[in-house]
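Peer 1: Have a look at the structure that comes next, please.
The values are calculated or read from the model by the stated rules, or taken from the named source; none is laboratory data. Note that this is a predicted model, so its numbers are computed, not measured. No Cβ is skipped: glycine too gets one built from the backbone with ideal geometry, and neighbour counts run over all protein chains shown.
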Amino acid sequence: MSRLDSFIRRLEAQRAVLNWAAAMIRDRGGLVLELGLGNGRTYDHLRELLSGREIHVFDLEPKPNPFSMPPAQFLVVGDMAKTLPAFVEQHGAAAVLIHVDVTVGVPEQDAAAFVWLPAHVAALAMTGAIIVSGWALEHDKLEPLALPDEVPEGRYFAYRRAA
Ligand SMILES: C[S@@+](CC[C@H](N)C(=O)[O-])C[C@H]1O[C@@H](n2cnc3c(N)ncnc32)[C@H](O)[C@@H]1O
């Protein structure tokens, strides 16, 4: 498979996962969290899918496309190792949907580089919340969920926050 095909498939899988996750939580209350603003593509997709919802976005150095800059009050700037626990202190387990799209740029290294992240995600998520991630999250309160058939095995991961 060419790198172009692989890139297109990754984005198609990401879109399918976000569509699926948004439909799962559309009728439920709670915050939506985007971990990793980057260019703002997935944030833009989420805000279109979940228009009117509060979407809090986290990034170390936000430099998105100008059309995808979140309102200042919903943008949390800084290292998530610090900003996520601070957000938990302020809001508690208030998230109904969390999209984890943070990376060091080398997919094989993400789980090790962000070893602290699954515990913060579990603390932010309310019981029954849906968590979708570009890499596998290991935590005993995050129960793996099956993704739609069109998402190739291992390309994306989904979890439900256990009680
Ligand atoms: C792959 S990009 C996100 C792509 C984005 N979801 C999109 O669709 O355009 C990953 C982002 O994670 C951010 N990041 C990496 N390590 C971080 C950390 N420790 N704390 C906060 N943000 C971090 C980077 O600054 C980068 O913008």
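Peer 1: Collect the residues in the stretch 25-62 that are assigned to a loop (DSSP other than H, G, I, E, B) and either within 7 Å of the ligand (Cβ to nearest atom) or in contact (Cβ under 8 Å) with a residue 60 or more places away in the chain (or both), keeping them in residue-number order.
Peer 2: 28, 29, 30, 36, 37, 38, 39, 40, 60, 61
Peer 1: Quick test for you: out of 122, 112, pick the one residue that is at pLDDT 95 or above, among the small types (Gly, Ala, Ser) and not in a loop (DSSP other than H, G, I, E, B).
Peer 2: 122
Peer 1: A further question follows. Restricting to the stretch 66-108, name every residue that is near the ligand (Cβ under 8 Å from one of its atoms) and either touching a residue at least 24 places away in the same chain (Cβ under 8 Å) or touching a Cys at 6+ places or on another chain (Cβ under 6 Å) (or both).
Peer 2: 68, 80, 81, 83, 99, 101, 102, 103
Peer 1: Search the stretch 139-151 for residues that are more than 19 Å from residue 10 (Cα to Cα) and pair each with any residue that is part of a loop (DSSP other than H, G, I, E, B) when their beta-carbon atoms are under 6 Å apart and the residues are at least 6 apart or on different chains.
Peer 2: Hits for this filter: 141/162; 143/162.
Peer 1: Regarding the stretch 1-20, can at least one residue be identified that is assigned to a strand (DSSP E or B) and either within 14 Å of the ligand (Cβ to nearest atom) or without any contact (Cβ under 8 Å) to a residue 60 or more places away in the chain (or both)?
Peer 2: Scanning the stretch 1-20, I find no residue that is assigned to a strand (DSSP E or B) and either within 14 Å of the ligand (Cβ to nearest atom) or without any contact (Cβ under 8 Å) to a residue 60 or more places away in the chain (or both), so the answer is no.
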